[in-house]
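Working notes, beginning with the structure itself.
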Amino acid sequence: MNLMDLINILDRGKRYKAIFLTMLRSNEYVTSDFLASITGVSIRTIKKDLKNLQSEFNENQLNLKIISKKAHGYSLIISNKDLYEQIQKHFQLYQADVQSEFSKRVYLILKMLLASRKPIKIIDLQKQMLINDNNSLNRELLKVKDILKSYQLVLNYSLKGIEIKGPIYFKILLLSRDYKYFGVDVRTDIEYYDQLFIISKSKRAKIRQIIFSALVRSNISFSDVTSERFVNLIVLLHHLEDDVFYQSQLTPYPEFDYKKTREYKFVKIITNNLSEKELGFKYSVSMIEFLTHISVMSIDIYHFQECSTANYGELLDFTIEIRDELIRQISKTIFVDVSNNETLVKDLTKILLPISLKIKWGISDDVNITLYKDPRSLFSPILEESFKHITQNFMKKYTYYFSTREQQVIIGIIQGMINRIELTHRKLDIVIIAINGKLSTQQIKFNLLHYYKSYINVLSTKSLYELKSQDYDYYDYYICGKYGKNMRIPFHPILYVDETIKETEYVDSLQKVFLKSLGYDLKLPKITVEHVSKMTESYENYCATDIYNSNNTIIRVLFNLNSSKNNFKVYRFDQEYQSTDTNISSFIVLDTKVNGDFEMLKMITNIFWQIEKKPSLIQMSSEKKYSYTYFIENN
């Protein structure tokens, strides 16, 4: 059951992805009429698509079912929890986390100030939040200021109260960023704020249908989260359309030839449909320009050929400029030159094109950031920490700070490049001990040759007496049937194979056999473990990141990928140790010099990713010698 199998299936049919995502985000049955309306085909064609999609799921053994109910429609059933979570991550379907009380107050203040047409006094903010006047809200207002900076907005204090000053188009963006996603009701009890987004269910459904249908027909793509935000933006503009401020220039980058873009055609389709008698929305030229810019910022580019001068003009030149700068920063930080990796270059171009327009606007904007606060690490902690430094350097040059979502996408692109690196390996000499006769070893021999032929130099089948009598007595590995566990076999088999297990389980078991051939121990520093009462050395020039144990203790990782030293040291504190930071149970200090060695970089990120997944691996003894295969074999 593989997410990539699903993605490949959805790419095979022109309407598969639209149908799948529509059913995925719906809590109710979806009618064939509705699916036909958003994809622009007949009901008969939709029913054929649904049948073909289910056949694809079945053929690829994906545990997905499309069920139908008379007079109700179709529904998607995903019974595998792990696959469902993978789908959520890939298609960016997260619900907002529970916010802290402080965070709730910050966003309440922000919404009140953005929606109000007049200054608000501190006492009125306190009353709205049911807090006494001892809380001056200074901390909350400082945080509000910090958020406003990303939109070139400022807090203005006067005798009349506090208000937000700055360009109206930035206020609109910030207003629409944080309202409501996928039916989650986040009404604030601030009537003048909620009224900006309230519209009848039938009208909201019609707006969604028009937008989703236009997306499918115009051959451009939004993520589900950005498409929901676009719906909110349309509703917001509808409520503000008669305001004199909204008839003026609504973009800070008038040089952009937006009418040449595919997004302009998309916006013209939806504004024409929304202007029909049934809805009666009105759109000025400046509003259409504004919506086109927002569409470019929201685009989810899948095919590299879409990034063309014909579509985006001079904006593409600027995209290439910031892409090349980001590539320089990545190469400088992880000490390998990534500029020649074609896939990485293309993928960065796709994610950076919408970001380039935000930089031209002078803002750092994205969908509601709380949607992307997943406590689980999705990538190697070495990469995540390294990217923090890349982000800081990019911020200094372009005054743009990547959002949590954008960071995850870019780190994922780098992680993908590293995953594609093929580690060189030497071929191994392996012998299968045939205690129960050579005929009984045929299945394991077949699987070894079928799945791991490129790793094998010699594969022999020998009885114990043959091994004891032959002159050649060295093999890299000895393998035996499970019954050998109960015998005193002098050759120390690395694996006792259960002949009753499935073929796929064979593959998992045998994979560990070949870790030795990858040369982790030859390329990476020697592992040493030391029990200490305190840390005495200083590590000022090291990158630092924390890995969390299930018992809430911390493993602090300090690493230098351009070091003159060559160490992998695990420091474990004695039980009686007490420090100012009592949550730290261990330190890992890595000194090495990557110096353009892609294989070394892959090995390092792999090892720390394994430790991230299973922090208990660091409960190591100073009395034993450790191989890097220890981290992978035990995960």
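Some notes on this structure:
- Options N52, Q126, F573, ranked by Cα towards positive dipole end of the chain, top entry (Cβ charges): N52
- Once the Cα atoms are used to define both axes, helix 101-115 deviates from the longest principal axis of the chain by about 30 degrees.
- Computed on the Cα trace of the chain, the radius of gyration divided by the Kirkwood hydrodynamic radius gives Rg/Rh = 1.03.
- Taking the chain and dividing mean pair separation by its residue count, relative contact order in percent (alpha carbons under 8 Å, at least six apart): 9
- Per residue solvent-accessible surface (Å²) - the chain, probe of 1.4 Å: 50
- Unit charges on C-beta of K, R, D, E only; dipole of the chain, Debye: 1200
- Förster radius 22 Å - calculated FRET efficiency between K149 and K388 (Cβ-Cβ, nearest 0.05): 0.70
- With a simple spin-label model that places each label point 7 Å from the Cα along the Cα-to-Cβ direction, the separation between K48 and S202 comes to 3.4 nm.
- 0 to 90° range, to nearest 10: angle between helix 262-274 axis and the chain longest Cα axis: 50
- DSSP finds beta bridges in the chain, and of those with both partners inside it, around 50 percent are antiparallel.
- Extension gain for K624 to D189 (0.36 nm times residue separation, less C-alpha to C-alpha distance): 150.4 nm.
- Segment E325-I456, length gained on full extension (0.36 nm per residue, minus Cα span): 42.8 nm
- Modelled FRET efficiency - R0 45 Å, L240 with S616, Cβ distances, 0.05 increments: 0.25
- Estimated FRET transfer efficiency (N58, K346; beta-carbon r; R0 41 Å; 0.05): 0.80
- For the stretch 429-464, backbone nitrogen atoms closer than 20 Å to the point 7 Å from N486 Cα along Cα-to-C-beta are found at 433-438, 440-441, 464.
- Solvent-accessible area, 1.4 Å probe, carbon plus sulfur percent, for the chain: 48
- Model label points for T553 and S79, set 7 angstrom from Cα along the Cα-to-Cβ axis, are 4.2 nm apart.
- Degrees between helix 381-398 axis and first principal axis of the chain (Cα, 0 to 90, nearest 10): 40
- Just so you know, the averaged projected area of the alpha carbon convex hull for the stretch 261-310 sits at 4.0 nm².
- Each label point was placed 7 Å from the Cα along the Cα-to-Cβ direction; for Y542 and K69 their separation is 5.8 nm.
- Taking the convex hull of Cα positions in the stretch 244-364, its mean projected area over all directions (nm²): 8.8
- Which of H531, F394, N80, positive extreme of dipole for the chain (C-beta unit charges): N80
- What the Cα atoms of the stretch 313-469 give is an Rg and a Dmax of 24.7, 79 Å.
The values are calculated or read from the model by the stated rules, or taken from the named source; none is laboratory data. Only a predicted model underlies this, so the values are computations on that prediction, with no experimental measurement involved. Quick reminder, even Gly has a Cβ in these numbers, built from the backbone with ideal geometry, and neighbours come from all protein chains shown. Just the protein is used for accessible areas: all its heavy atoms, side chains included, with ligands, DNA and RNA removed. Shrake-Rupley method; radii C 1.70, N 1.55, O 1.52, S 1.80 Å.
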